[in-house]
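Here the structure comes first, spelled out in structure tokens, and everything after it is commentary.
The values are calculated or read from the model by the stated rules, or taken from the named source; none is laboratory data. Remember, it's a predicted structure, so these values are computed and weren't measured experimentally. Reconstructed Cβ throughout: ideal geometry from the backbone, glycine too, with neighbour counts over all protein chains shown. Each accessible area value is taken on the protein alone, full model and side chains, heavy atoms only, with ligands, DNA and RNA left out. Shrake-Rupley method; radii C 1.70, N 1.55, O 1.52, S 1.80 Å.
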Amino acid sequence: MSVKPLRECGPAARIAVIAGDGIGKEVTPESVKAIRSAITSARRQIEFVEFDWGADKFLREGVSLPAGAVEMLANEFDAILFGALGDPRVPSNQHAADILLGLRFKLDLFVNARPVELFHDRLTPLRDRSANDIRFMVFRENTEGLYVGVGGFFKKDTPDEIAVQEDVNSRKGVERIIRHAFDYARRNQLKRVCMSDKSNAMNFAHDLWQRVFKQVLQEYPEIESRHLYIDTLAMEVVRDPRQFDVIVTCNLFGDIISDLGAQLAGGLGLAPSGNIHPGRTSLFEPVHGSAPNIAGKGIANPLGSILTSGMMLDFLGWKSEGHALRNAVRSALQENFVTPDLGGDKGTVEVGDWIAKRLADR
Ligand code: NAD
Ligand code: IPM
Ligand code: MN
């Protein structure tokens with residue numbers, strides 16, 4: 001598949017918007033509103049094009065990821081702003097796998113960047129921890145591992161049934177995510193990179209992670225390299241999150257540790273992420289899902305999606321607008337203008353309006 005290079009710092013951007021299901025449909029419009037409000041300079045132009053891919057379309061037409069969608073996104077858009085997918089009417093989660101995992105794999109978005117940052121001391125469940133103590137980046141490998149869908153059933157629906165799910169790890173795949181973590185640390189003057197695996201039990205797949213890590217770290221002598229098994233990492237990020245600047249791990253462990261990290265910094269309603277292939281069309285989504293338990297109530301927290309949009313603007317090279325979005329979120333948290341998940345009584349649209357106004361007034 002041919003993909004054009006991204007227009008770094010260019011004046012105009014085209015964004016595909018896939019709001020998806022559940023609260024994805026509620027928070028994503030607030031993000032679009034915030035971005036529009038953040039872009040005040042006449043030098044910047046942004047065009048949003050919406051796509052109705054999700055459970056409704058899947059149930060109605062049997063279409064999840066439409067034919068030609070990947071090439072169209074890669075060739076005609078700079079980035080994708082994504083909400084969430086998942087609907088109780090599709091128990092197999094087939095449409096979500098086709099669309100979300102499909103785009104991650106087919107656009108080769110090998111970096112899943114999930115920053116954990118505490119914006120206000122009161123938001124952490126940890127005792128005696130403040131904003132300076134909780135600031136690290138999780139890089140989750142995003143195109144391989146246990147997510148590739150290689151496997152099968154043997155003797156299905158019999159008492160002797162066997163299910164196999166293969167963990168696929170390529171040297172190139174492991175190397176590029178580990179290298180990305182080190183490069184990020186170097187670029188941002190961060191001192192420490194921690195690779196996490198389960199090589200004490202997964203003696204093939206994670207033996208490869210061990211060998212590649214030991215090879216790559218030699219090229220970054222100024223960075224303190226460390227390895228922790230994933231169970232120990234889960235314990236250590238709770239015990240003392242100050243130890244971490246950059247964490248790099250495989251697809252499944254990154255999924256789990258990023259929800260844990262999100263909770264240290266205020267919960268899923270606040271956690272942003274980017275699915276990135278540097279220089280190519282990349283996809284930005286909050287860490288949370290479609291939250292069927294609160295969907296349709298107008299109380300979903302839009303700040304995770306708005307911080308996600310901040311990451312997207314950074315990626316486009318529009319740093320001052322990305323910064324403005326983060327500052328507006330910081331102000332909403334300081335003034336406690338927040339949804340019920342953060343102890344407030346505001347609705348999704350109320351918070352979105354507040355952020356948009358704050359950005360317009362700046
Ligand atoms: P979830 O993230 O949707 O919800 C977990 C909990 O966090 C719920 O109690 C929910 O109410 C709360 N929550 C999440 N986001 C919130 C927000 N913005 N504001 C306030 N509260 C919020 O995870 P789940 O319940 O395990 O999954 C629901 C569906 O979403 C499933 O179908 C799952 O597969 C899917 N999912 C999709 C994505 C994605 O599209 N990126 C990510 C995770 C889960
Ligand atoms: C996430 C989600 C997805 C994942 C699901 C919906 C497949 O939990 O983006 O964190 O596991 O990657
Ligand atoms: Mn997840």
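Amide H contacts for SER290 (H built 1.01 Å from N in the peptide plane; partners 5 or more residues away or on another chain; cut-off under 5 Å): LEU85.
I need the fraction of alpha carbon pairs in region 204-285 separated by more than 15 Å, rounded to a whole percent. Walk me through the numbers on the way to the answer.
On the way: 2250 of 3321 pairs.
Tail of P(r) above 15 Å: 68 percent of Cα pairs.
Summary value for region 1-135: 29 percent relative contact order, contacts being C-alpha pairs under 8 angstrom separated by 6+ residues.
With the convex hull drawn around the C-alpha atoms of region 158-298, the volume per residue stands at 190 Å³.
Can you give the Rg to Rh ratio of region 287-362, both from alpha-carbon atoms, with Rh computed by the Kirkwood formula? Checking Rg against Rh, the ratio lands at 0.99.
In percent, rounded to a whole number, the relative contact order of region 299-362 is 37, using alpha-carbon pairs under 8 Å and six or more apart.
For the chain, which whole percent of the accessible surface, found with a 1.4 angstrom probe, sits on carbon and sulfur atoms?
Numbers: 8260 of 15900 Å².
Carbon with sulfur: 52 percent of the solvent-accessible area.
On the principal axes of its alpha-carbon atoms, the chain has extents of 56, 51, 41 Å, going from largest to smallest. Here is how the number arises for the chain: DSSP H runs of 4 or more residues each give -39500 (n - 2.57), the sum is divided by the residue count, and the result at 222 nm is -11500 deg cm²/dmol. Considering region 112-236 at the alpha-carbon level, its Rg and Dmax are found to be 18.0, 56 Å. Solvent exposure of the chain amounts to 44 Å² per residue of accessible area, where only protein heavy atoms count and the probe is 1.4 Å.
Compute the whole-percent fraction of alpha carbon pairs in region 250-332 spaced more than 20 Å apart. Display every interim value, and only then the final one.
Details: 1309 of 3403 pairs.
The proportion of pairs with Cα distances above 20 Å equals 38 percent.
Across region 67-75, coupling constants 3J(HN,Hα) worked out from phi with the 6.51/-1.76/1.60 Karplus curve, θ = phi - 60°, read 4, x, 4, 5, 5, 4, 5, 5, 8 Hz, and Gly and Pro carry x. Taking the inverse of the mean 1/r over every pair of distinct Cα atoms in region 119-169 gives a Kirkwood hydrodynamic radius of 15.2 Å. Coupling constants for region 170-181 follow from the phi torsions by the Karplus curve (6.51 cos²θ - 1.76 cosθ + 1.60, θ = phi - 60°), and in residue order they are 9, 4, 4, x, 5, 5, 5, 6, 5, 4, 4, 5 Hz; glycine and proline get x.
Once you treat every alpha carbon in region 1-143 as an equal point and sum by Debye, what is log10 I(q)/I(0) at q = 0.10 Å⁻¹? Log10 of I(q)/I(0), two decimals: -0.46. Cα centroids of region 57-96 and region 291-362: 24 Å apart. Only one residue of LEU325, THR232, CYS194 has its Cα farthest out toward the positive end of the dipole of the chain, where Lys and Arg carry +1 and Asp and Glu -1 on Cβ, and that residue is LEU325.
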